[in-house]
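Encoded as structure tokens, the structure appears first; notes follow it.
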Amino acid sequence: MSIRENFEEAIKVLQEFLENEVNLKNIETAGAIMANAIKNGGKIFSCGNGGSMCDAMHFAEELTGSFREKRKAIPAIAISDPAHITCTANDFGWNYVFSRYIEALGKKEDVLLAISTSGNSANIIEAAKTAGERGMKIVALTGKDGGLLKNMCDVEIRSPQSKYSDRVQEIHIKVIHSLIEYIEQNT
């Protein structure tokens, strides 16, 4: 694929996402859930694997740091501490690296942003189970057919079908920036 074709394909996936009004409504609904959690004393946890972990970290740092305008810090935590992850993976298994963190710190007024390009990452599924058990709201960013995660969340925002994860992640980062802006404007 040429460089031009790469960008043209990215535009096509973005256009497909925009053509489905449900996607925009789901972003607004997810943003409202997150903003309400913050207004009610909650926080937002985010998690993902690989590039999705980087997206989870990006989301949290934009909220605790700053995005476009200077403002008070907004409580968000990316579950990305290497000591916690390696300890938990060693003692309990990789599937529990996110859920154990939520078990320790999650409360019913909190929200989980679960990011999985397949919707089937076992450790993301466990995180969603634990968040659900604690009464937390769950927002999922998925791809493909949404996987198991689509039925475990309050709001699913799914990237259009794509052969590769990078196209899914390109939609996810745009959604993340939209969520951050929504939260900033509504808290």
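For this structure, a couple of remarks:
- Residue list for the stretch 149-187, restricted to those being among the β-branched types (Val, Ile, Thr), in a helix (DSSP H, G or I) and in contact with a strand residue (DSSP E or B) (Cβ under 6 Å, 6 or more places away or on another chain): VAL175
- ASN123 meets each of the listed conditions (1) in contact (Cβ under 8 Å) with a residue 60 or more places away in the chain; (2) in a loop (DSSP other than H, G, I, E, B); (3) farther than 26 Å from ASN6 by Cα; (4) polar (S, T, N, Q) apart from (2).
- The test for being outside any helix (DSSP H, G or I), open to solvent by 70 Å² or more (accessible area, probe 1.4 Å) and free of Cβ contacts under 8 Å to residues at least 24 places away in the same chain does not hold for MET57.
- Subset tally (residues that are of a type in the set (D, E, K, R) and either under 18 Å from ALA35 (Cα atoms) or in contact with a Pro (Cβ under 9 Å, 6 or more places away or on another chain) (or both)) for the stretch 133-173: 4
- Of all residues in the stretch 69-103, those satisfying the criterion of being more than 18 Å from ILE44 (Cβ to Cβ) and at pLDDT below 95 are GLU69, LYS70.
- Counted residues, the stretch 12-54 - those being open to solvent by less than 10 Å² (accessible area, probe 1.4 Å) and part of a loop (DSSP other than H, G, I, E, B): 2
- For the stretch 63-108, the candidate set comprises residues that are of a type in the set (Phe, Trp, Tyr) and assigned to a helix (DSSP H, G or I); within that set, the residue that is least open to solvent (accessible area, probe 1.4 Å) is TYR101.
- Among the residues here, ALA131 qualifies as open to solvent by less than 10 Å² (accessible area, probe 1.4 Å) and closer than 13 Å to PHE45 by Cα.
- Count - residues of the stretch 1-42 that are among the basic types (Lys, Arg) and under 14 Å from ILE138 (Cβ atoms): 0
- Cross-chain or 6+ apart pairs with Cβ under 6 Å, the stretch 169-187 first and of a type in the set (S, T, N, Q), then open to solvent by less than 40 Å² (accessible area, probe 1.4 Å) and modelled with pLDDT of 95 or more: GLN169/GLY51; SER178/ILE27; ASN186/ALA35; THR187/ALA35; THR187/ILE38
The values are calculated or read from the model by the stated rules, or taken from the named source; none is laboratory data. None of these values were measured; they are calculated from a predicted model. Ideal geometry is used to build each Cβ from the backbone, glycine not excepted, and the neighbour counts take in all protein chains shown. All accessible areas refer to the heavy atoms of the entire protein, side chains included, with ligands and DNA or RNA removed. Shrake-Rupley method; radii C 1.70, N 1.55, O 1.52, S 1.80 Å.
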